[in-house]
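These notes concern the structure reproduced below.
The values are calculated or read from the model by the stated rules, or taken from the named source; none is laboratory data. None of the values given here were measured: they were computed from a predicted structure. Cβ coordinates were reconstructed from backbone atoms using ideal geometry, including for glycine residues, and neighbour counts include every protein chain displayed.
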Amino acid sequence: MQASGQSRTQALTRRLIAKGYPAMLVRSFAAGAVETDLNLVLWKWGDDPPGRLAPIDDEGRLS
């Protein structure tokens, strides 16, 4: 990071964005998370595809 001013993760993200990817899945490191727990990281979203985001809250935890 010191030589280029960005981390390897930042460089990867810039390459994915340049190729048109709207997001990526990354492993969660939250307390209690296991290896199969993932986070969806979005760098662009909105009301129109491909960045349309519609949360599903079946358990009512977002209200």
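Of the residues 2, 6, which single one is over 15 Å from the mean Cα position of the chain (by Cα), at pLDDT below 95 and surrounded by 10 or more Cβ atoms within 10 Å (Cβ to Cβ)?
6
Out of the residues in segment 32-63 that are polar (S, T, N, Q) and in a loop (DSSP other than H, G, I, E, B), state the one that is farthest from residue 22 (Cα to Cα).
For segment 32-63, the residue satisfying everything is 63.
Just need a number here: residues in segment 1-40 that are free of Cβ contacts under 8 Å to residues at least 24 places away in the same chain and either among the hydroxyl-bearing types (Ser, Thr, Tyr) or touching a Ser or Thr at 6+ places or on another chain (Cβ under 8 Å) (or both).
12
Within segment 17-31, take every residue that is small (Gly, Ala, Ser) and assigned to a loop (DSSP other than H, G, I, E, B) and give me the one that is surrounded by the fewest Cβ atoms within 10 Å (Cβ to Cβ).
For segment 17-31, the residue satisfying everything is 31.
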